[in-house]
Amino acid sequence: MNKKILISFFACFCVLAICMCAGCISTPNSGDGTINITDSFGRVVSIPDNPDKIAVSGSGSMRYFVYLDVDLDRVVAVDYSDSALNIYPEDPRPYMLANPEILNISEIGASRSVVDGEKLLTSGADVLFIAASSEASIESANEIQEKTGIPVVLFYTGDFVTQKEKVCDSLEMLAMILHKQDRYQELISYFTSVENDLTSRVANVSASDARAYVGGISYRGEHGLDGTNPNYLPFKLLNVNNVASEMLDVAQSEYAQVAKEQILAWDPDTIFVGLGTINAAGGGAIYELQTDPSYKTLAAAKTGEVYTVNPDISAGANYETQLVNAYYIGKILYPEQFADIDLAIIADEIYNNVVGGDVYQKLNEHMNGLSYQKVDLSTI
């Protein structure tokens with residue numbers, strides 16, 4: 001089968017499979033314009049079909065609505081973290097950088113993931129959507145719904161690597177409620193086509209050919225070189241030997257903290273540094289590599305094979321940045337297979353297809369111009 005047929009088949013299969021999961025079942029109610037849905041955590045909720053006004057709460061909660069190209073005029077309240085009360089110059093979230101008008105929408109609470117009942121009622125929202133990662137949010141959702149009379153729908157947000165089916169399920173549910181099914185299928189097909197392009201370029205490459213480590217990964221804050229991701233998506237797509245993959249049994253599969261001694265023992269050939277680290281306490285991964293005598297003994301430090309990538313975890317996983325990072329890493333590790341790639345062009349192609357605007361240059365500016373560079377390891 002050719003590539004287009006495979007992509008179409010995968011998209012159709014994914015839609016069929018996840019429509020059988022919680023979050024994709026709807027039953028029209030008799031004549032009142034509402035539907036019954038089962039949300040991502042098994043709650044059955046009666047809501048208006050294709051609601052005109054919606055409120056959104058939770059860390060990174062506007063991301064999926066941007067992915068689905070929902071008209072922002074329909075959004076009457078957003079989470080504190082997505083509001084004008086949370087502007088910061090190093091913001092790495094593509095969905096916010098491509099859609100700054102989100103900042104004009106009123107906040108729903110005084111802090112992240114907090115819902116003020118009065119503000120919710122004043123907003124005139126027909127439905128409140130709450131981003132959640134576990135069943136711990138069920139009690140709060142039920143309480144808000146009972147107190148305000150506004151239906152609350154929980155949708156899952158999580159790691160696209162280890163919880164892909166749950167993420168697709170969540171997106172599908174939102175698309176069904178908001179009548180964005182065509183956009184959902186377009187999005188899934190696009191993600192698949194990009195992944196296929198990346199994996200096909202390294203189809204004949206052995207993982208043993210590239211031993212790499214990624215440090216400076218953000219998780220509930222910024223971290224130094226000791227912050228890594230055992231499931232780092234770019235490495236998986238490119239068949240890179242992630243030296244930290246042996247830590248897959250850690251509680252958080254998208255983040256692990258590693259002892260310095262372990263990094264030295266792994267002694268990776270190439271190190272990539274997530275630029276969220278520039279805001280870490282103690283100076284972050286780049287400063288550590290420049291000043292710590294132990295790290296200077298690493299093979300990657302001796303050969304200068306240390307490079308920056310943009311932070312892909314901020315208020316959750318920014319899948320589109322993970323894909324852009326993969327193209328850059330491909331250019332570094334497999335220059336022949338990625339010789340035709342102009343990173344700025346492919347990056348904004350991805351950002352436009354996923355979040356609806358150019359982000360590459362803005363994100364570089366937010367990273368102090370350090371995006372996708374070889375790190376100068378001179379002592380400072």
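Give me the pairs, please: first residue somewhere in region 45-67 and touching a residue at least 12 places away in the same chain (Cβ under 8 Å), second residue anywhere and open to solvent by 10 Å² or more (accessible area, probe 1.4 Å) and of a type in the set (D, E, K, R), beta-carbon distance under 6 Å, and either six or more positions apart or on two chains.
Note: pairs meeting the criteria are 48/126; 51/126; 53/126; 54/74; 59/112.
Looking at 123, 140, 133, 113, which is the one that is hydroxyl-bearing (Ser, Thr, Tyr) and on the phi > 0 side of the Ramachandran plot?
Exactly one of 123, 140, 133, 113 is hydroxyl-bearing (Ser, Thr, Tyr) and on the phi > 0 side of the Ramachandran plot, namely 113.
Show the residue pairs meeting these rules: Cβ distance below 6 Å; 6+ apart or different chains; first residue within region 134-151 and open to solvent by less than 40 Å² (accessible area, probe 1.4 Å); second residue of a type in the set (Val, Ile, Thr) and in a loop (DSSP other than H, G, I, E, B).
144/115
Restricting to region 164-193, name every residue that is surrounded by fewer than 22 Cβ atoms within 10 Å (Cβ to Cβ), closer than 21 Å to residue 48 by Cβ and touching a Cys at 6+ places or on another chain (Cβ under 8 Å).
Residue satisfying the conditions is 176 alone.
Which of (1) in contact (Cβ under 8 Å) with a residue 60 or more places away in the chain; (2) closer than 30 Å to residue 242 by Cβ; (3) not aliphatic (A, V, I, L, M) does residue 204 not meet, given it meets every other one?
(1)
Can you work out which of the residues in region 241-283 that are in a loop (DSSP other than H, G, I, E, B) and at pLDDT 95 or above is least open to solvent (accessible area, probe 1.4 Å)?
Step by step, filter region 241-283, then rank; the result is 268.
Considering 87, 105, 130, which residue is β-branched (Val, Ile, Thr) and surrounded by fewer than 18 Cβ atoms within 10 Å (Cβ to Cβ)?
Only one candidate qualifies: 87.
Just to be sure I understand the filter: pairs with C-beta atoms under 8 Å, separated by 6 or more residues or on different chains, first member in region 337-351 and at pLDDT 95 or above, second member in a loop (DSSP other than H, G, I, E, B) and open to solvent by 70 Å² or more (accessible area, probe 1.4 Å). Which pairs pass?
These pairs meet every condition: 348/358; 351/358.
Consider residue 179 against the criteria (1) at pLDDT below 95; (2) part of a loop (DSSP other than H, G, I, E, B): it satisfies all of them except one. Which criterion is unmet?
Unmet condition: (1).
Using the structure shown, decide if residue 362 is charged (D, E, K, R), open to solvent by 50 Å² or more (accessible area, probe 1.4 Å) and more than 29 Å from residue 131 (Cβ to Cβ).
no
Kindly indicate whether residue 196 is outside any helix (DSSP H, G or I), of a type outside the set (Ser, Thr, Tyr), open to solvent by 10 Å² or more (accessible area, probe 1.4 Å) and in contact (Cβ under 8 Å) with a residue 40 or more places away in the chain.
no
Quick check on region 199-219: of everything there that is outside any loop (DSSP other than H, G, I, E, B) and of a type in the set (Gly, Ala, Ser), which residue is surrounded by the fewest Cβ atoms within 10 Å (Cβ to Cβ)?
208
Residue-wise test of (1) in a helix (DSSP H, G or I); (2) hydroxyl-bearing (Ser, Thr, Tyr); (3) open to solvent by less than 10 Å² (accessible area, probe 1.4 Å).
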| residue | (1), (2), (3) |
| --- | --- |
| 296 | yes, no, no |
| 308 | no, yes, yes |
| 326 | yes, no, yes |
| 329 | yes, no, yes |
| 332 | yes, no, no |
| 339 | no, no, no |
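So which of 343, 370 is open to solvent by less than 30 Å² (accessible area, probe 1.4 Å) and not hydroxyl-bearing (Ser, Thr, Tyr)?
Matching residue, one of 343, 370: 343.
The values are calculated or read from the model by the stated rules, or taken from the named source; none is laboratory data. This is a predicted model, so every value here is computed, not measured. Note: ideal-geometry Cβ built from the backbone for every residue, glycine included; neighbour counts use all protein chains shown. Surface accessibility is based on the protein's heavy atoms, side chains included, excluding ligands, DNA and RNA. Shrake-Rupley method; radii C 1.70, N 1.55, O 1.52, S 1.80 Å.
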